[in-house]
Each structure stands twice: as C-alpha cells, then as structure tokens.
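Report on the structure given below.
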Amino acid sequence: MASQAAQVLEKSIRALGGTWGTHRSVSVLSNAGLGRGDLRAQEKRARQALRDLNAAGVIVKVDPDSATYRLTTEQ
C-alpha cells in the first residue's frame, strides 16, 4: 500500500498534470496537511513519494540528473 503522501501526490499529479519536482510536491503535501517537520524533512518526504510513484509506474523521470517527473501517460 502506498504511503499517504504518495496517495495525495498521485491525486494531484493526475488532476493537474505537468512536471513535478520536489518543490511542487512539498507545496501539495503541505496544503494537504502533510507538511510536518522542517523543510529538509518535507523535501525528503516529497522525494520519497515521487520515487514511490515512479516505482509504481504512475510517473516517469524526465531528467536523469534531477528529481523531475511527469505523469506516465503524458507526452
């Protein structure tokens, strides 16, 4: 089962589309009430949620040198 952060993030990614990185993900998670901890902890949670969604095939990495993703079905 995906983490709550990954579930919240997946819903937003599917609704909004576009590219997603750590900063955008932190904003979404914070707005959803999952912004606990300092910025470093929030960024870590967001990156883990992005990795989880990538592993599940929901998103794909668009830049091998950064944590930037897009929905799998987008071109």
Taking all protein chains as present, what is the carbon and sulfur share of the accessible area of segment 15-75, in % to the nearest whole number, probe 1.4 Å? 49 percent
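Would you kindly calculate the mean projected area, averaged across all directions, of the convex hull enclosing the Cα atoms of the chain, in square nanometres?
Working: hull surface 18.7 nm².
Over all viewing directions, the chain projects a mean Cα-hull area of 4.7 nm².
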Mean-square fluctuation maximum in Gaussian network of the chain, Cα pairs under 10 Å, restricted to ARG47, ARG36, ARG24, hits ARG36
Going by amide H atoms built from the backbone, whose H comes under 5 Å of the H on ILE59, apart from near neighbours? ASN54, THR72
Probe of 1.4 angstrom, ligands and nucleic acids ignored: what's the accessible area per residue over the chain, in square angstrom? 62 Å²
Residue by residue, what Karplus-based ³J(HN,Hα) values in Hz, rounded to whole numbers, does segment 41-50 have, using 6.51, -1.76 and 1.60 with θ = phi - 60° and x for Gly and Pro? 5, 5, 5, 4, 4, 5, 5, 5, 4, 5
For ARG51 and ALA32 in the same chain, what is the full-extension length gain: residue separation times 0.36 nm, less their Cα-Cα distance, in nm? 4.9 nm
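The values are calculated or read from the model by the stated rules, or taken from the named source; none is laboratory data. Since the structure is predicted, the reported quantities are computational estimates derived from the model, not experimental observations. Side chains are part of the model used for accessible areas, which takes the heavy atoms of the whole protein and leaves out ligands, DNA and RNA. Shrake-Rupley method; radii C 1.70, N 1.55, O 1.52, S 1.80 Å.
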